[in-house]
Amino acid sequence: MNIHTFLKNVKRLSGKGYLIYIVGVSVLCIMLSQFSAKSHFRSWVHRLLNKETINKSVEYEAGTEGDYGQFLTYYRYNSFDACNPDEVDVNAPMIALTFDDGPSEKATERILQVLRDNYSHATFFVVGKQSDKYPELIQSIASSGCEIGNHTYDHKNLTDLNAEEIGQQIDDVSRSVKSACGSDPTVIRPPYGAYDDEVMSLLDKPVILWDLDTEDWSSRNAQTVCDKVMAEVKDGDIVLMHDIYESTAEAVELLVPKLKQKGYQVVSVSELANYKGKQLELGTAYGKIKQ
Ligand code: ZN
């Protein structure tokens, strides 16, 4: 078709009112294509649907009743990268919650429920003895989208062991976790955070420590644990807890909604590294993960 035929056709169609139809369909197509992307149109719909929350956040921002964390909530709602609650906004703050020494009947499933309810993940550094005892909890951790880390078979200080014993402590957890959920632990946390050059050279997964210690084993008090995290938390933190105390499960119930309200996204350690664009390397011990 040359340009003359084209213009003639346009003229003919517009004469019959088709032009309005064509323009209408085009606008609709543009709107629909925009809706699938992160776009102004999607933002507009998001604003419309979340008017109340956003207005409230604007109040926080104005400083009437809020603080910096609440401003982050405002930022998060207005960045519109997080329209789906389980979508992570890489530009907004995030932290990794980690749970050691489990799984246990006292706390693990209760913690998983809080994480599921809040579209959040965590890393569980399991002990092989417990993993052998509760394979269904290992499955539950994995099916919740959480990460499983290796915390040795029976919570040994690895610096006291020889190479063969260290290998055994790590391999026995891998075997136990793999038989329960089908995959290997992806990271390692040596008990007591204790390692030396020899231990480090033998560990075949990235070593994860922490930079915010809740001391939940000491206080055994949910409110104390929650208050400590809320007072000290910063973007990129790795938070240490233990999923073997009821008080810790209760602390998580208080804490996760509070963190979300403050604008923090709660993710597993490997997700934190991934979203922060960091490749976790062997031979390095990570206490926090910043951009
Ligand atoms: Zn431990």
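In table form, for the structure just shown:
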item: For ILE238: the one exception among (1) more than 16 Å from the ligand (Cβ to nearest atom); (2) at pLDDT 95 or above; result: (1)
item: Residues that are surrounded by fewer than 17 Cβ atoms within 10 Å (Cβ to Cβ) and polar (S, T, N, Q), drawn from segment 138-158; result: GLN139, SER143, ASN157
item: Of all residues making up segment 88-103, the number that are among the polar types (S, T, N, Q) and either within 16 Å of the ligand (Cβ to nearest atom) or in a strand (DSSP E or B) (or both); result: 1
item: Pair list, Cβ < 6 Å and 6+ apart or interchain, from segment 280-291 residues that are within 19 Å of THR98 (Cα to Cα) to residues that are basic (Lys, Arg); result: ILE289/LYS276; ILE289/LYS278
item: Condition broken by VAL207, with the remaining ones in (1) of a type outside the set (Lys, Arg); (2) without any contact (Cβ under 8 Å) to a residue 60 or more places away in the chain; (3) within 16 Å of the ligand (Cβ to nearest atom) satisfied; result: (2)
item: Considering residues of segment 213-232 that are surrounded by fewer than 20 Cβ atoms within 10 Å (Cβ to Cβ) and in contact with a strand residue (DSSP E or B) (Cβ under 6 Å, 6 or more places away or on another chain) only, the residue farthest from VAL127 (Cα to Cα); result: GLU232
item: Failed item, numbered, when LEU158 is tested on (1) over 24 Å from GLN139 (Cα atoms); (2) of a type outside the set (Lys, Arg); (3) within 13 Å of the ligand (Cβ to nearest atom); (4) out of contact with any Phe, Trp or Tyr (no Cβ under 9 Å at 6 or more places or on another chain); result: (4)
item: Residue match in segment 121-137 (condition: crowded, with 17+ Cβ neighbours inside 10 Å, part of a helix (DSSP H, G or I) and more than 16 Å from the ligand (Cβ to nearest atom)); result: yes
item: Residue match in segment 183-195 (condition: surrounded by 14 or more Cβ atoms within 10 Å (Cβ to Cβ), without any contact (Cβ under 8 Å) to a residue 24 or more places away in the chain and on the phi < 0 side of the Ramachandran plot); result: yes
item: The lone exception for ILE289 - which of (1) under 16 Å from the mean Cα position of the chain (by Cα); (2) over 26 Å from TYR195 (Cα atoms) it fails; result: (2)
item: Test for GLY287: is it in contact with an Asp or Glu (Cβ under 7 Å, 6 or more places away or on another chain) and over 20 Å from ARG116 (Cβ atoms); result: yes
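The values are calculated or read from the model by the stated rules, or taken from the named source; none is laboratory data. Given the structure is predicted, the values throughout are model-derived calculations rather than measurements. Here Cβ is always computed from backbone atoms with ideal geometry, including for glycine, and neighbour counts include all displayed protein chains.
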